[in-house]
1. Show which lysines lie in cross-link reach of K87 when reach means a straight Cα distance below 16 angstrom and same-chain residues fewer than eight apart are skipped.
2. For the peptides 64-70, 95-101, what is the packing order when you average, over each peptide's residues, the other Cβ atoms within 10 Å and list the highest mean first?
3. With an 8 Å Cα cut-off and a minimum separation of 6 or more residues, compute the relative contact order for the range 38-86 in percent.
4. Any idea what the relative contact order of the range 60-115 is, in percent, if you count C-alpha pairs under 8 Å spaced at least 6 apart?
5. Could you work out the local net charge near L94, counting Lys and Arg as +1, Asp and Glu as -1, over the other residues with Cβ closer than 11 Å to its Cβ?
6. Which percentage, to the nearest 5, of the DSSP beta bridges contained in the range 31-102 is antiparallel?
7. Under a plain spin-label model, where a point goes 7 Å from the Cα along Cα-to-Cβ, how far apart in nm are S47 and R93?
8. What's the percent breakdown of Cα-Cα distances in the range 33-113 across 5 Å bins, shortest bin first?
Amino acid sequence: MRSRAADALLVLSIGLGLLVVGLLADPASAESVPLNCMILPGEEIASILMTNSLTSNASCIVTCRFQTTRYDNNPQITCAKPAPSGKEVEMCRLTSGGDKFVKLTEARADCEKLPAGE
């Protein structure tokens with residue numbers, strides 16, 4: 001029967017080994033890309049457009065947050081999908097929930113190259 005100290009040492013060794021492997025692994029490199037979070041006429045729907053400026057097809061994720069006419073109502077949308085190289089795509093749409101959108105308060109888009117053949 002092993003002692004608790006031996007068990008703790010084994011768990012610590014495994015944890016440190018996993019940490020080293022994680023640090024040595026090649027991290028995925030997402031790159032910022034151009035996006036346009038725009039309020040459509042009527043001010044109750046927003047369209048999120050993104051351009052994959054990378055030289056290959058990519059998996060992209062966008063986030064846009066808006067302020068509305070109602071106090072403390074700041075709808076946010078995050079969506080992801082593949083995008084062809086050099087193309088602008090509509091990633092998604094967001095409804096305001098009945099309030100009018102006033103302005104964009106936050107926006108971010110990142111793409112990561114897809115493996116070859118996808």
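1. Within reach: K113.
2. Taking the mean over residues of other Cβ atoms within 10 Å, the ranking is 64-70, 95-101.
3. 37
4. Rounded, it is 50 percent for the range 60-115.
5. That works out to +1.
6. Counting only bridges with both partners in the range 31-102, antiparallel ones make up about 100 percent.
7. According to this spin-label approximation, the distance is 0.9 nm.
8. The distribution over the range 33-113 is 3, 18, 28, 20, 14, 10, 6, 2, 0, given as percents.
The numbers here are math on the coordinates, done by the rules we state, and not lab data. Quantities reported herein were computed from a predicted structural model and do not represent experimental measurements. Here the Cβ is made from the backbone with ideal geometry for all residues, glycine too, and neighbour counts use every protein chain on show.
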